[in-house]
1. Run residue 422 past the list (1) over 17 Å from residue 308 (Cα atoms); (2) outside the structural domain of residue 331 (by TED's automatic domain parsing) and report the number of the one that doesn't hold.
2. Are any residues in the stretch 343-359 surrounded by fewer than 16 Cβ atoms within 10 Å (Cβ to Cβ) and either free of Cβ contacts under 8 Å to residues at least 12 places away in the same chain or β-branched (Val, Ile, Thr) (or both), and if so, which ones?
3. Specify which of the listed residues (270, 290, 302) is within 25 Å of residue 153 (Cβ to Cβ), charged (D, E, K, R) and touching a residue at least 12 places away in the same chain (Cβ under 8 Å).
4. Exactly one condition in (1) over 25 Å from residue 359 (Cβ atoms); (2) exposed (fewer than 14 other Cβ atoms within 10 Å of the Cβ); (3) in contact (Cβ under 8 Å) with a residue 60 or more places away in the chain is not met by residue 173; state its number.
5. Of the conditions (1) buried (at least 16 other Cβ atoms within 10 Å of the Cβ); (2) not assigned by TED's automatic domain parsing to the domain that holds residue 260, residue 135 fails just one. Which one is it?
6. Which pairs have Cβ atoms under 6 Å, sit 6 or more apart or on different chains, and link a residue in the stretch 246-265 that is closer than 17 Å to residue 160 by Cβ to one that is crowded, with 16+ Cβ neighbours inside 10 Å and among the charged types (D, E, K, R)?
7. Among the residues of the stretch 360-400, write down those that are touching a residue at least 40 places away in the same chain (Cβ under 8 Å) and either among the β-branched types (Val, Ile, Thr) or touching a His at 6+ places or on another chain (Cβ under 9 Å) (or both).
8. From the list 77, 70, 65, exactly one residue is in contact with a His (Cβ under 6 Å, 6 or more places away or on another chain), at pLDDT 90 or above and not assigned by TED's automatic domain parsing to the domain that holds residue 357. Which is it?
Amino acid sequence: MKDRGRSQSSCAQSHRSSEPLRIVHPDAAGIDIGSRKHYVAVPPDRDPEPVRCFGCLTPDLQAMAQWLKACGIKTVAMESTGVYWIPVMQVLEEYGLEVYRVDARQAKNMPGRKTDVKDCQWLQQLHVHGMLTRAFRPADAICVLRSYWRHRKDLVEMASMQIQRMQKSLEQMNLQLHKVLSDITGVTGMRIVRAILAGERNPLVLAQMRHPLVKSSEDTIAKALTGDWRAEHLFTLRQAVELYDVYQQKIEACDGEIDRYMQSLEARGDPKDLPPRGRGTRRKNQVHFDLRRQLHRLTGADLTSIDAIDAMTAQTVISECGIDMSRFATEKHYSSWLGLCPNHQITGGKIRRRRTRKVRNRAAQALRVAAQSLHKSKTALGAYYRRMRGRLGPAKAITATAHKLAILIYRVLKYGMKYVDQGQQAYENQYQQRMLQMLVKRAKQMGYAMVDLRSGEVVS
């Protein structure tokens, strides 16, 4: 017990003799962001009233920036709360202030300190001592592209809702069109639906609108189109189709705006150097311009050369991460930001938990979808996914393959690496060679030697 008391005393003395927290940002302020009011805290020696409240209107934000400048503030820390931080950050940056947008998890308050005034003071204290890490935000030009691309995704989702309403209306009339067609918004499906809205009720006539490539026969389609033509369901079907057409027009207009904006950005590559792309599976909701050529012009690299990465996936990654990979020190930092690597939580020298962090990252989600598409691919990445699936299960295999795709994108953008698929067989041979070397090494450690039964020679 005495030894334990001495050890605790020595630890306490060591703690008391430690250096105080170092001041990293002496001219720092903290802002607690709200939907209607923003509370701002500056060092107590800068103003008789070190905490002030400002409104959310533009004149209020300008008054906030002027007060911070008068207090000699050079850098400001604030949490990324919803979208309310965006106008605040824009106004402060216009006045020459350096803004730190931080994750709310880094600035969690201690118990009993949860008020708006104490929140901004706590942020200010943490920022003064350099205990807050700035959240990643791509360049302004990429932020504009990101806004366009995210808006396009919202339009696609709203159009998908109308497809569901169309299918519901058809189901209520017992028109089982979705069971004989893989996509009711395809050529055959929309032709039949528009004919129904135009007044056609004969199932045989509707079935004759079948495209030659449709697998279902005309008799099968005619049986599926024999139903109950109720006026209320026809009305909801008509409105769903009209809204679907409107959203398709908006998507096309958004694509035109994205194309014009991407043409205005600085070019890093010559589209003439873009190699031809083999014919692949066409995805739904494709853009209405040559996105692959625009991406090559913008990045100077062909990201679609990587298996499972098409132009839509590459656009999502670029719009979320940008093209300047120097913002991430290493590829490990990049995969960690995406949330595609194990998050080791070590306690007592042991790893207690290694699951990936829960992050809402659109780029990581796009890479996971791309990784899932490799389950039947006859490529090296496809062989890797299937091997991981057999070892770890589907969910972890998708994450592991998405991590590999992220590393390849990082290397292509930062180092100009050209990806060349080595093929499924080459990957399998390489994997077998690694396994053989591991077995030879283990046999030597245990005092044995491996012998090739075919030649009788010792494997080294």
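The values are calculated or read from the model by the stated rules, or taken from the named source; none is laboratory data. Since the structure is predicted, the reported quantities are computational estimates derived from the model, not experimental observations. Reconstructed Cβ throughout: ideal geometry from the backbone, glycine too, with neighbour counts over all protein chains shown.
1. Every listed condition holds for residue 422 apart from (1).
2. 344, 345, 346, 347, 348, 349, 350, 351, 352, 353, 359
3. That would be 302, the only listed residue that is within 25 Å of residue 153 (Cβ to Cβ), charged (D, E, K, R) and touching a residue at least 12 places away in the same chain (Cβ under 8 Å).
4. For residue 173, the exception is condition (2).
5. In the conditions (1) buried (at least 16 other Cβ atoms within 10 Å of the Cβ); (2) not assigned by TED's automatic domain parsing to the domain that holds residue 260, residue 135 misses (1) alone.
6. 254/152
7. 367, 369, 371, 379, 382, 399
8. Unique residue meeting the criteria: 77.
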